[in-house]
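**Student:** After the structure tokens below, expect a handful of questions from me.
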Amino acid sequence: MHMHAPIAPATGSHGGKPLPGEVFGALINLSGRRRFTSQRLVLYAVLASQRQEGAAAIAHETLALFRGAHKSLLTDGDGLPGVFCPELEQAYFGKLQGDREISAFADLAERTLKAIANDASDSAELLAELVRITTPTLAILNQITGIYEEQAKLHARLMKKQLRGVITDIETINRQARMVAFNARIVAARAGQAGKEFSVVAGVLSNISGEIDEMVAAALAAAG
């Protein structure tokens, strides 16, 4: 029987830094792929047992996709963070034992496909067990996908909060710049011809402040 050792959780190599938004999209897509391929795997295992042409090959390809998605989700590398939060740590290695259950599902699928290919006497029994554990395995996969989706929402809220903080700082600086431009215009006016060039600089600063106001308004609208 071919068994896979549990994959160790990631060890915080990201230093607590927020993950890029696109990473959450990739994680959710991988988790969705794992859910989809779990169902497809069982379907084609059943079709393979009925000797449908090409079903066994599709089942093996689907098993490889399933295992690949699972490994990518748990491994810190290739731009992905592995197990990056306590909620996932618990889901994969705590009470839910997601890693163990998912790996057991993949191992049983592999044994079932081999038994079917070899016309083994226990192929029907293995297939029945694979079908039986499909629903509880899917429940675990759904729960873990929900964690990824919730983490993505938390990340989005954090980014909006940080953006609003940056915008507030920009607005403060811009107000100060407008005051400088206003005072510069007064000084330039008092200086007459000698302050002409100074007046041009003040006008440019005033225009820049106006452009910043427009950018701030657009950023606020995007931040919701």
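The values are calculated or read from the model by the stated rules, or taken from the named source; none is laboratory data. These numbers were taken from a predicted model, which means no experiment stands behind them. Positions of Cβ are generated from backbone atoms using ideal geometry, with glycine treated the same way; all protein chains shown enter the neighbour counts. Keep in mind that these areas ignore ligands, DNA and RNA; they rest on the heavy atoms of the full protein, side chains included. Shrake-Rupley method; radii C 1.70, N 1.55, O 1.52, S 1.80 Å.
**Student:** Does the range 31-60 hold any residues that are within 25 Å of residue 92 (Cβ to Cβ) and either charged (D, E, K, R) or touching a strand residue (DSSP E or B) at 6+ places or on another chain (Cβ under 8 Å) (or both), and which are they?
**Tutor:** The answer is 33, 34, 35, 40.
**Student:** Restricting the first residue to the range 10-29 and requiring it to be farther than 18 Å from residue 144 by Cα, which pairs with a second residue that is at pLDDT 65 or above and exposed (fewer than 12 other Cβ atoms within 10 Å of the Cβ) meet a Cβ separation below 7 Å and a spacing of at least six or different chains?
**Tutor:** 18/158
**Student:** Suppose we filter 133, 140 for residues that are closer than 15 Å to residue 33 by Cα, β-branched (Val, Ile, Thr), open to solvent by 10 Å² or more (accessible area, probe 1.4 Å) and assigned to a helix (DSSP H, G or I); which single one remains? Steps first, please.
**Tutor:** Values: 133 fails: closer than 15 Å to residue 33 by Cα.
Exactly one of 133, 140 is closer than 15 Å to residue 33 by Cα, β-branched (Val, Ile, Thr), open to solvent by 10 Å² or more (accessible area, probe 1.4 Å) and assigned to a helix (DSSP H, G or I), namely 140.
**Student:** From the list 24, 84, 105, 66, exactly one residue is crowded, with 20+ Cβ neighbours inside 10 Å and modelled with pLDDT under 95. Which is it? First the steps, then the outcome.
**Tutor:** Working: 24 fails: crowded, with 20+ Cβ neighbours inside 10 Å; 105 fails: modelled with pLDDT under 95; 66 fails: modelled with pLDDT under 95.
One residue alone meets the criteria, 84.
**Student:** Another one. Which numbered condition in (1) of a type outside the set (A, V, I, L, M); (2) closer than 30 Å to residue 18 by Cβ; (3) open to solvent by 30 Å² or more (accessible area, probe 1.4 Å); (4) in contact with a Leu (Cβ under 7 Å, 6 or more places away or on another chain) is the only one that residue 92 fails?
**Tutor:** Failing condition for residue 92: (3).
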